[in-house]
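Undergrad: Provided herewith is a single structure, encoded as structure tokens, for subsequent inquiry.
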Amino acid sequence: MSQTYESVTVETTGHVAQVTLIGPGKGNAMGPAFWAELPTVFAALDADPQVRAIVLTGSGRNFSYGLDLLAMGGSLSGVIGEGGTGGSAAARMEFHRMLQGMQGAISAVADARTPTVAAVHGWCIGGGVDLISAVDVRYASADAKFSVREVKLAMVADVGSLARLPLILTDGHLRELALTGKDIDAARAEKIGLVNDVYDDAEACLAAAHATASEIAANPPLTVAGVKDVLDQQRIDRVSASLRYVAAWNSAFLPSKDLVEGISATMAKRPPEFTGE
């Protein structure tokens with residue numbers, strides 16, 4: 001694949017492709033380029049008969065800090081409105097359209113016919129968890145930390161975590177993560193089933209992901225595609241319904257004074273003071 005991207009790099013060796021998050025936001029944060037490019041990247045890999053498995057990882061010290069609030073702030077301002085009171089109907093409809101596009105970017109990973117393996121090191125926050133919830137197999141390094149942190153910003157996670165994690169975690173574990181927004185380490189992530197295995201460091205984790213991807217790629221590709229298709233069929237309707245519902249929910253109820261406070265507190269690195277308004 002010769003095309004270059006702003007948010008990822010793509011390298012193919014044999015039958016395994018590696019997609020590496022590169023930002024450009026700090027900590028591989030997910031800005032406009034990420035949401036625009038991810039469907040194109042995975043469509044191209046899916047269409048390449050030489051690619052039989054995909055490894056997904058992050059560059060630098062972290063997997064991803066999640067949504068790039070600085071880069072995406074302009075997209076949120078219209079729907080938030082003055083002081084969090086809510087924008088116009090047109091602004092909310094535009095936000096709904098944008099949100100569906102972001103959901104589609106993560107779904108492009110989940111719906112790919114090519115099996116995917118994530119190698120997670122460092123922080124995996126918010127949108128990062130949305131992304132790994134869309135892959136088939138997840139590995140972590142010992143330094144990995146995970147957080148479904150949207151609640152701390154006064155947001156309902158809306159790009160895939162609440163739709164796909166119910167198929168990965170037990171209900172109590174998922175509710176604990178989503179309702180508290182707490183951070184968990186790799187050992188806890190393995191214990192609750194968020195990741196399959198934990199490795200000593202990022203290098204070992206990535207090597208394990210490539211080993212599994214190569215093992216998948218060595219199997220008959222049509223049969224692998226069939227296994228993935230049959231497994232995916234069991235969750236497609238459920239996930240799609242959840243994504244539609246949360247897109248409508250957030251388009252209606254996302255604007256609030258608490259949202260403004262949550263974002264402001266995050267930017268200022270101070271504790272938020274939520275009022276329920």
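The values are calculated or read from the model by the stated rules, or taken from the named source; none is laboratory data. Quick caveat, the model's predicted, so the values are computed rather than measured. Heads up, the Cβs are rebuilt from the backbone with ideal geometry, glycines too, and the neighbour counts pull from every protein chain shown. Calculation scope for accessible area: heavy atoms of the full protein, side chains included, ligands and nucleic acids excluded. Shrake-Rupley method; radii C 1.70, N 1.55, O 1.52, S 1.80 Å.
Undergrad: Keeping all protein chains in place, calculate the accessible area per residue for the chain (probe 1.4 angstrom), answer in Å².
TA: That works out to 46 Å² per residue.
Undergrad: Where both residues lie in the chain, what percent of DSSP beta bridges are antiparallel, nearest 5?
TA: Around 30 percent antiparallel, to the nearest 5.
Undergrad: Tell me what the chain gives for mean residue ellipticity at 222 nm when only DSSP H runs of n ≥ 4 count, each as -39,500 (n - 2.57), the sum divided by the residue total, rounded to 500 deg cm²/dmol.
TA: It comes out at -15500 deg cm²/dmol, rounded to the nearest 500.
Undergrad: State which helices in the chain qualify, where a helix is a whole DSSP H run, it must extend 15 Å or more along its own axis by its Cα atoms, and its mean Kyte-Doolittle hydropathy must be at least -1.0.
TA: 32-47, 69-80, 89-110, 202-217, 221-233, 236-253, 257-268
Undergrad: Heavy atoms only, probe 1.4 Å: what % of the accessible area of the chain goes to carbon and sulfur, would you let me know?
TA: 56 percent
Undergrad: Taking a ≥ b ≥ c as the square roots of the Cα gyration tensor eigenvalues, with a/c under 1.5 meaning rounded and otherwise prolate when a/b beats b/c, else oblate, which class fits segment 185-251?
TA: It comes out oblate by the Cα gyration axes.
Undergrad: Moving to a separate point now. Report the gain in length on full extension from Arg235 to Asp201: 0.36 nm times residue separation, minus Cα-Cα distance, nm rounded to one decimal.
TA: 9.0 nm
Undergrad: Any of Lys191/Lys257; Lys152/Lys191; Lys26/Lys228; Lys152/Lys228 with alpha carbons more than 30 Å apart? Name them for me.
TA: From the list (Lys191/Lys257; Lys152/Lys191; Lys26/Lys228; Lys152/Lys228), the Cα-Cα distance tops 30 Å for Lys191/Lys257; Lys26/Lys228; Lys152/Lys228.
Undergrad: Please get the size of the charge dipole for segment 86-236, origin at its Cα centre, with Cβ charges of +1 on Lys and Arg and -1 on Asp and Glu, quoted in debye to the nearest 20.
TA: 520 debye
Undergrad: OK, next. Calculate the dipole size of segment 79-155 relative to its Cα centre from +1 charges on Lys and Arg beta carbons and -1 charges on Asp and Glu beta carbons; express the result in debye to the nearest 20.
TA: Using Cβ point charges on Lys, Arg, Asp and Glu, segment 79-155 gives about 60 debye.
Undergrad: With the Cα gyration tensor of segment 53-99 in hand, convert its eigenvalues to equivalent ellipsoid semi-axes via √(5λ) and list them largest first in whole Å.
TA: Output for segment 53-99: semi-axes of 31, 14, 6 Å.
Undergrad: Place +1 on the Cβ of every Lys and Arg and -1 on the Cβ of every Asp and Glu in segment 56-172, take the dipole about the Cα centre, and give the residue among Ala105, Leu165, Ala140 whose Cα lies farthest towards its positive end.
TA: Of the candidates, Ala140 comes out farthest on the positive side.
Undergrad: Okay, moving on. Amide H of Leu169: which non-local residues (sequence gap of 5 or more, or other chain) have their own amide H closer than 5 Å, using H built in the peptide plane?
TA: Under 5 Å from the amide H of Leu169: no residue qualifies.
Undergrad: Considering only DSSP beta bridges where both residues belong to segment 71-197, give the percentage that are antiparallel (nearest 5).
TA: Around 25 percent of the beta bridges assigned by DSSP in segment 71-197 are antiparallel ones.
Undergrad: What percent do you get for the relative contact order of segment 128-168 when only Cα pairs under 8 Å and 6+ apart count?
TA: After rounding, I find 54 percent.
Undergrad: Could I ask something else about it? Could I have the simple spin-label model distance between Thr12 and Leu167, label points 7 Å from Cα toward Cβ, reported in nm to one decimal?
TA: Taking the two extended label points, one gets 2.6 nm.
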